[in-house]
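Engineer: Below is one structure. I have some questions about it.
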Amino acid sequence: MIHIFIGTKAQLIKMAPIMQVLKSRNIKYNFIFSGQHQETINELLENFKLDPPDFTLYSGQDVTSPFQAVLWGVKSIIHAFKHRDELWQGDRRGIVLNHGDTFSTLLGSLLAKFHGHKRAHVESGLRSHNFCHPFPEELIRVLVFKLSNIYYCPGKWAINNLKNQQGEKINTIANTLYDTLHMKQPYEQIDINLPKEPFCVASLHRFENIFQRKQM
């Protein structure tokens, strides 16, 4: 069975195209929601016409600080082991898709390894080669690399960053966000006056981009 482990808004946005393709092909998957981000998740699921999670590890406030992350992680691991049959729907030889470099990515990889599932990392191989920037994302990336069996890499550069890792490396050429931006469904009901000339969309959501004057 395919298990998709998601915990943040960004992960859902980037994994939505994969989930939609699986749904369109009638391929059953187990959607596990870690609960790291709660806000707007239901709205995003509705926009992408996706079913609600099959299993939710945590229901509470968004996890936004390292202390909250540690507490949330411990609670989630305990809950996962108490309800492991329900969590994995009785599957013992599946594959778990984890995305990106969040605390949920690491949690999903650890839980999958403990239960004996294969671990596939989506958007794999991205590196800054500086553990302090961004922190803790760069550290999480390296840990998830070591826990994974299959790597879906957005380009040759990403694959080259995994040359010391054992496992299957697949060049997806582009990030799944490319597929998300080409999906029409989420924007059918939104009236936006787009400029006629070429334009780009930029995200400045990282703290280091917002609070450091030099970066901004």
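The values are calculated or read from the model by the stated rules, or taken from the named source; none is laboratory data. Bear in mind the structure is a predicted one, so any value in this text is a computation, not a measurement. Please note: Cβ atoms are built from the backbone with ideal geometry, for glycine as well, and neighbour counts cover all protein chains shown. Accessible surface is based on the protein model in full, side chains and every heavy atom, while ligands, DNA and RNA are left aside. Shrake-Rupley method; radii C 1.70, N 1.55, O 1.52, S 1.80 Å.
Engineer: Per-residue ellipticity at 222 nm for the chain, helices alone: DSSP H runs ≥ 4 residues times -39500 (n - 2.57), over residue total, nearest 500 deg cm²/dmol?
Structural biologist: Calculated at 222 nm, the ellipticity per residue is -11000 deg cm²/dmol.
Engineer: Non-local amide H neighbours of Ile4 (under 5 Å, H modeled in plane, Pro and chain starts lacking H): which ones?
Structural biologist: Under 5 Å from the amide H of Ile4 lie the amide H atoms of Asn30, Phe31, Ile32, Leu97, each far enough along the sequence or on another chain.
Engineer: A follow-up question, please. Using the charge dipole of region 124-183 (Lys, Arg: +1 at Cβ; Asp, Glu: -1 at Cβ; taken about the Cα centre), state which of Gln165, Ser124, Tyr152 has its Cα farthest towards the positive end.
Structural biologist: Gln165
Engineer: Using only the Cα atoms of region 1-132, build the gyration tensor, take square roots of its eigenvalues as a ≥ b ≥ c, and label the shape rounded, prolate or oblate: rounded if a/c is under 1.5, else prolate if a/b is larger than b/c, else oblate.
Structural biologist: rounded
Engineer: While we're looking at this one, here's another question. Roughly how big is the chain's charge dipole about its Cα centre, with Cβ charges of +1 (Lys, Arg) and -1 (Asp, Glu), in debye to the nearest 20?
Structural biologist: Using only the charged Cβ atoms, the result is roughly 820 debye.
Engineer: Next question. Mind grabbing the accessible area of Phe135 for me, 1.4 Å probe, Å², rounded to tens?
Structural biologist: Taking all protein chains as shown, Phe135 has close to 140 Å².
Engineer: Let me ask something else. In whole Hz, what ³J(HN,Hα) sequence does region 107-116 give by Karplus (6.51, -1.76, 1.60; θ = phi - 60°), x for Gly and Pro?
Structural biologist: Once θ is set to phi - 60°, the couplings for region 107-116 become 4, x, 5, 5, 5, 5, 5, 4, 8, x Hz.
Engineer: When the chain is fully extended, how far beyond the present Cα-Cα distance does Gln212 get from Lys196, taking 0.36 nm per residue of separation?
Structural biologist: 2.5 nm
Engineer: Right, something else. With the Cα gyration tensor of region 22-98 in hand, give its eigenvalues times 5 under a square root as the equivalent ellipsoid semi-axes, listed largest first in whole angstrom. Don't skip to the end; give the middle numbers.
Structural biologist: Details: eigenvalues 104, 70, 16 Å².
Sorted largest first and rounded, they come to 23, 19, 9 Å.
Engineer: Whose amide H sits under 5 Å from the amide H of Arg119, counting only residues 5 or more places off or on another chain, with H placed in the peptide plane?
Structural biologist: For Arg119, whose amide H was placed from the backbone, the distant partners under 5 Å are Val96, Asn149, Ile150.
Engineer: Taking a probe of 1.4 Å, how large is the accessible area per residue of the chain, in Å²? It would help to have the intermediate numbers written out before the result.
Structural biologist: Values: 13210 Å² over 216 residues.
Accessible area per residue: 61 Å².
Engineer: If you stretched the chain out fully between Leu22 and Gln38, how much longer would it get, using 0.36 nm times the residue separation minus the C-alpha to C-alpha distance?
Structural biologist: 3.4 nm
Engineer: So between His129 and Met183, what do we pick up on full extension, going 0.36 nm a residue minus the alpha carbon distance?
Structural biologist: Full-extension gain reported as 16.2 nm.
Engineer: Let me ask something additional. Students often check this: by mean Cβ neighbours within 10 Å, which of 150-157, 34-41, 7-14 ranks highest, and how do the rest follow?
Structural biologist: 7-14, 34-41, 150-157
Engineer: Over 20 Å between Cα atoms: which of Lys23/Lys146; Lys23/Lys156; Lys146/Lys169; Lys118/Lys146 fall into that group?
Structural biologist: Lys23/Lys146; Lys23/Lys156, as the Cα separations exceed 20 Å there.
Engineer: Assigning unit charges at the beta carbon (Lys, Arg +1; Asp, Glu -1) and nothing else, what dipole magnitude in debye, to the nearest 20, does region 1-120 show about its Cα centre?
Structural biologist: Approximately 540 debye in magnitude.
Engineer: Sort 92-105, 57-70 by the packing proxy (mean of other Cβ within 10 Å over each peptide's residues), most packed first.
Structural biologist: With the highest mean Cβ count within 10 Å placed first, the list reads 92-105, 57-70.
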